[in-house]
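Each remark here refers to the structure printed beneath this line.
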Amino acid sequence: MKNSENTDYVCIVFPMGMEQFPFLQRLEVRKRWRSGHAVYREAYFEGRTILVVRCGIGPEKAAAAIRKLATKPKAVLSAGTAGGLVPTLERTHLVVSSETVYGHDPASILHCDEDLVRDVSRACTLESCSMSVARLATVREAVFPQEDRKRLHVETGALAVDMESHAIGIEACRLDVPFVSLRVISDDFHSHPLPGIRETRIQWNAPCSLPGVLRAKWHRHLFLRRFASSIEILHPVLVRIVRQICPPPRLSG
């Protein structure tokens with residue numbers, strides 16, 4: 001970090017471009033730059049300055065994106081999608097992190113800022129969203145099999161899992177900046193794994209595997225369609241959060 005001076009902007013971090021796209025449509029992007037795997041956008045919304053970061057998938061890329069911030073933000077919010085670890089969390093349900101934890105190290109627990117948790121929870125409620133305040137686990141690889149989801153829930157006490165939030169929270173803590181995560185469930189406890197494009201192409205060349213290929217293509221189409229519809233839940237809540245925690249510009253004169 002080049003400058004440790006406090007600023008009034010909120011930093012919102014998304015892993016993927018498609019997760020941030022609906023929110024970016026509401027903003028006026030004034031400046032864009034890249035550092036490593038991350039893409040940074042300085043944007044304005046109703047006179048407020050926001051920093052929107054696409055960090056890339058995984059805890060290492062997420063942590064690096066925060067370490068490379070040029071200035072110290074007012075708060076850091078991890079936003080995006082997550083997988084449900086319990087059957088009661090259905091798709092499009094929002095999870096506000098009270099705590100985050102590493103899946104491979106259940107003792108590594110980070111307590112999120114209580115004021116931010118309250119503000120984000122209030123925004124979810126005002127948008128009439130189904131929402132839980134709960135512990136969120138972060139892992140290095142996607143978790144799909146139900147047995148793995150059950151085990152991760154038992155080991156960590158988390159209700160949902162992603163691949164970035166805890167790493168982002170650790171770096172925010174090092175900066176002494178308030179942190180919280182807001183994640184929407186895009187794949188629930190019963191979701192099928194996302195079939196890989198490469199494996200599907202290989203199977204396509206074997207006529208005897210055609211039924212399996214068609215099933216895989218259908219599951220991939222369904223997964224991505226549900227993923228996109230889940231993301232749409234996020235951006236109205238994010239807009240309300242920005243309005244709540246960022247003061248409007250002062251009028252001179």
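The values are calculated or read from the model by the stated rules, or taken from the named source; none is laboratory data. As the structure is a prediction and not an experimental result, all values here were calculated from the model. All Cβ positions, even for glycine, are placed from backbone atoms using ideal geometry, and neighbour counts span all protein chains on display. For the accessible areas, the whole protein counts, side chains as well, though only heavy atoms, and no ligand, DNA or RNA atoms are used. Shrake-Rupley method; radii C 1.70, N 1.55, O 1.52, S 1.80 Å.
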Any idea which residue in the stretch 50-89 is modelled with the lowest pLDDT, counting only those that are in contact with an Asp or Glu (Cβ under 7 Å, 6 or more places away or on another chain) and among the hydroxyl-bearing types (S, T, Y)?
-> T71
Within the stretch 92-112, how many residues are surrounded by fewer than 20 Cβ atoms within 10 Å (Cβ to Cβ), closer than 22 Å to S186 by Cα and of a type in the set (V, I, T)?
-> 1
Residues of the stretch 113-137 being open to solvent by 10 Å² or more (accessible area, probe 1.4 Å) and touching a residue at least 60 places away in the same chain (Cβ under 8 Å), which ones?
-> D113, D115, L116, V117, D119, R122, L126, E127, C129
Of (1) within 15 Å of the chain's Cα centre (by Cα); (2) closer than 19 Å to V86 by Cα; (3) in contact (Cβ under 8 Å) with a residue 60 or more places away in the chain, A167 fails just (2)
Checking R41 against (1) basic (K, R); (2) touching a residue at least 24 places away in the same chain (Cβ under 8 Å); (3) under 19 Å from R243 (Cα atoms), which single condition isn't satisfied?
-> (2)
Which of the residues that make up the stretch 152-187 are over 21 Å from Q20 (Cβ atoms), open to solvent by 10 Å² or more (accessible area, probe 1.4 Å) and among the hydrophobic types (A, V, I, L, M, F, W, C)?
-> L152, V154, L159, I170, C173, L175
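Could you tell me whether any residue of the stretch 69-92 is closer than 24 Å to P236 by Cα and among the acidic types (D, E)?
Residues of the stretch 69-92 that are closer than 24 Å to P236 by Cα, as a first pass: 73-84, 88-92.
From the residues that got through so far, the ones that are among the acidic types (D, E) too are 90.
Yes: the stretch 69-92 contains one or more residues that are closer than 24 Å to P236 by Cα and among the acidic types (D, E).
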Spans of strands (runs of 3 or more DSSP E) in the stretch 89-174 with at least 3 residues touching a Lys or Arg at 6+ places or on another chain (Cβ under 9 Å) = 94-102, 160-162
List every residue pair whose Cβ atoms sit under 9 Å apart, with the two residues 6 or more apart in sequence or on different chains, where the first one lies in the stretch 87-111 and is on the phi > 0 side of the Ramachandran plot and the second, anywhere, is of a type in the set (D, E, K, R) and surrounded by fewer than 15 Cβ atoms within 10 Å (Cβ to Cβ).
-> T92/E232
Residue list for the stretch 57-81, filter: surrounded by fewer than 17 Cβ atoms within 10 Å (Cβ to Cβ) and part of a helix (DSSP H, G or I) = E60, R67
For L251, state whether it is over 25 Å from F23 (Cα atoms) and either part of a helix (DSSP H, G or I) or modelled with pLDDT under 65 (or both).
-> yes
Quick count over the stretch 110-140, residues being within 15 Å of the chain's Cα centre (by Cα) and of a type in the set (D, E, K, R), is 2
Return yes or no: is R54 open to solvent by less than 30 Å² (accessible area, probe 1.4 Å), among the basic types (K, R) and over 19 Å from M131 (Cα atoms)?
-> no
